[in-house]
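In what follows, a structure is listed as structure tokens, so that the remarks can point back to it.
The values are calculated or read from the model by the stated rules, or taken from the named source; none is laboratory data. Here the structure is a predicted model, which is why all the values come from computation and not from measurement. Don't worry about glycine lacking a Cβ; one is built from the backbone with ideal geometry, like all the others, and counts go over all protein chains shown.
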Amino acid sequence: MARTADRLPQRELHGLLEILGEVHHAEDLASFRRGLIEVLPRVVPSRYTSYNEFTADGRPLVTIVSPEPEPRYLELWGRFGHQNPLVQHHLTTRDPRATRLSDVISSEEFRRLDLYREVFAPLGVGHQLALTLPAPPRLLIGVAVVAEEGYTDAQCLMFDLARPHLIQARSNAATREQLRDVLRAIEQGLDDVGQAIVVTDDRERIAFASQAGRDVLASLPGAPGRPDGRLPGALRAVAADHSVMPVGETGTLLVRRLPATGGATVFLFERGRPPVSIAQLEALGLSRREAQVLARFMAGESTAQAAEALAVSRRTIHKHSERIYRCLGVGDRVAAISCAWASLDAGR
């Protein structure tokens, strides 16, 4: 099969660019397949365009045809598809180049096959051009166009030049599909346990949120209906790695802001409960003053607010905080509050 063209003619060059533009942004394998069989008829003569997967002996496993023929032809293709000379050629040689029927079999030999008499002839086609994509040894993935007239060397070259890009586009689509499935599984798991999490990109736009995370966002000022999808100002103001925010009349919201990685920032939330009694907190092993300090923290007060309410210095609040952390076996304020709520819930 001699193809000596140094470059594509203008028409085929435009066709190549159209193919690549169609499949480059496919979000999953289904959209990759659909985009490919939709664009090919626009750039090469084609009465039918198909995406196919075959077993090691040439039996069709997956067949997507556009436009879809009558069901009986699909059934006949399932019976006689293994006779296709191009399928046998690729299974035997694993030759990656685009190939025409006329490259591997004479017209007379092809017309003697059941496949031609039962499928090709009734559909009014006699020529086919196909290329394959990498697949496991016992699988053949092929894309084909069929028409009444034959295909040119320039069209074959266009397919050859498109092939490595199609391979990459298919791989990208498969990766995006896998990542989407993983994110769905993670989201489902987070929703099952009620974990509130929000992830933002480097522009503080919301890239991901669990259902509980979306509920938290909806409860914050300025969040509902934001057209730019940006994080509410109340959360953008959280500069430290953690914070406690008042919500409503009696509730609080624990916010943990994880360090940004690759431009993404993760926010973890835990809703507080109504105020608890000092006696309940003392039952956790705290002194009365330590219980009073922790109660202030659980109500969403800052160090300065707790110091003013208890008529002590901020330094004293810090010392009480350290003893609270040691008693509860935690390392910071948010963890202490979370531990206290969890312990009280377990007690109830």
*Filtered residues of segment 146-165 (kept if among the aliphatic types (A, V, I, L, M) and part of a helix (DSSP H, G or I))*: 154, 157, 158, 161, 162
_All positions within segment 44-55 that are within 31 Å of the chain's Cα centre (by Cα) and either among the β-branched types (Val, Ile, Thr) or in a loop (DSSP other than H, G, I, E, B) (or both)_ = 49, 55
*May I ask you to say which residue of 120, 32 is in contact with a Lys or Arg (Cβ under 8 Å, 6 or more places away or on another chain), part of a helix (DSSP H, G or I) and of a type in the set (A, V, I, L, M, F, W, C)?*
32
*Restricting attention to segment 132-143, which residues are within 17 Å of residue 81 (Cβ to Cβ) and part of a strand (DSSP E or B)?*
132, 139, 140, 141, 142, 143
*At least 3 residues that are within 37 Å of the chain's Cα centre (by Cα) in each: list the helices (runs of 4 or more DSSP H) lying fully within segment 290-348 that qualify.*
333-347
_Complete set of residues in segment 52-76 that are under 15 Å from residue 145 (Cβ atoms) and crowded, with 21+ Cβ neighbours inside 10 Å_ = 52
*Any idea which residue in segment 145-169 is surrounded by the most Cβ atoms within 10 Å (Cβ to Cβ), counting only those that are under 23 Å from residue 88 (Cβ atoms) and touching a helix residue (DSSP H, G or I) at 6+ places or on another chain (Cβ under 7 Å)?*
145
*asked:* When you scan segment 257-277, do you find a residue that is of a type in the set (Asp, Glu) and part of a helix (DSSP H, G or I), even just one?
replied: no
*What are the pairs, 6+ residues apart or on separate chains, where a residue within segment 153-168 that is within 14 Å of residue 11 (Cα to Cα) has its Cβ under 9 Å from a residue that is aromatic (Phe, Trp, Tyr)?*
159/151
_Cβ-Cβ under 9 Å pairs, at least 6 apart or on other chains, segment 323-343 side on the phi < 0 side of the Ramachandran plot, far side surrounded by 18 or more Cβ atoms within 10 Å (Cβ to Cβ) and among the acidic types (Asp, Glu)_ = 323/290; 324/290; 327/290; 334/270; 337/270; 338/270; 341/270
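Each row is one residue, and each column tells you yes or no for (1) assigned by TED's automatic domain parsing to the domain that holds residue 215; (2) touching a Lys or Arg at 6+ places or on another chain (Cβ under 9 Å); (3) modelled with pLDDT of 85 or more.
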{"residue": "264", "(1), (2), (3)": "yes, no, no"}
{"residue": "290", "(1), (2), (3)": "no, yes, yes"}
{"residue": "310", "(1), (2), (3)": "no, yes, yes"}
{"residue": "343", "(1), (2), (3)": "no, no, no"}
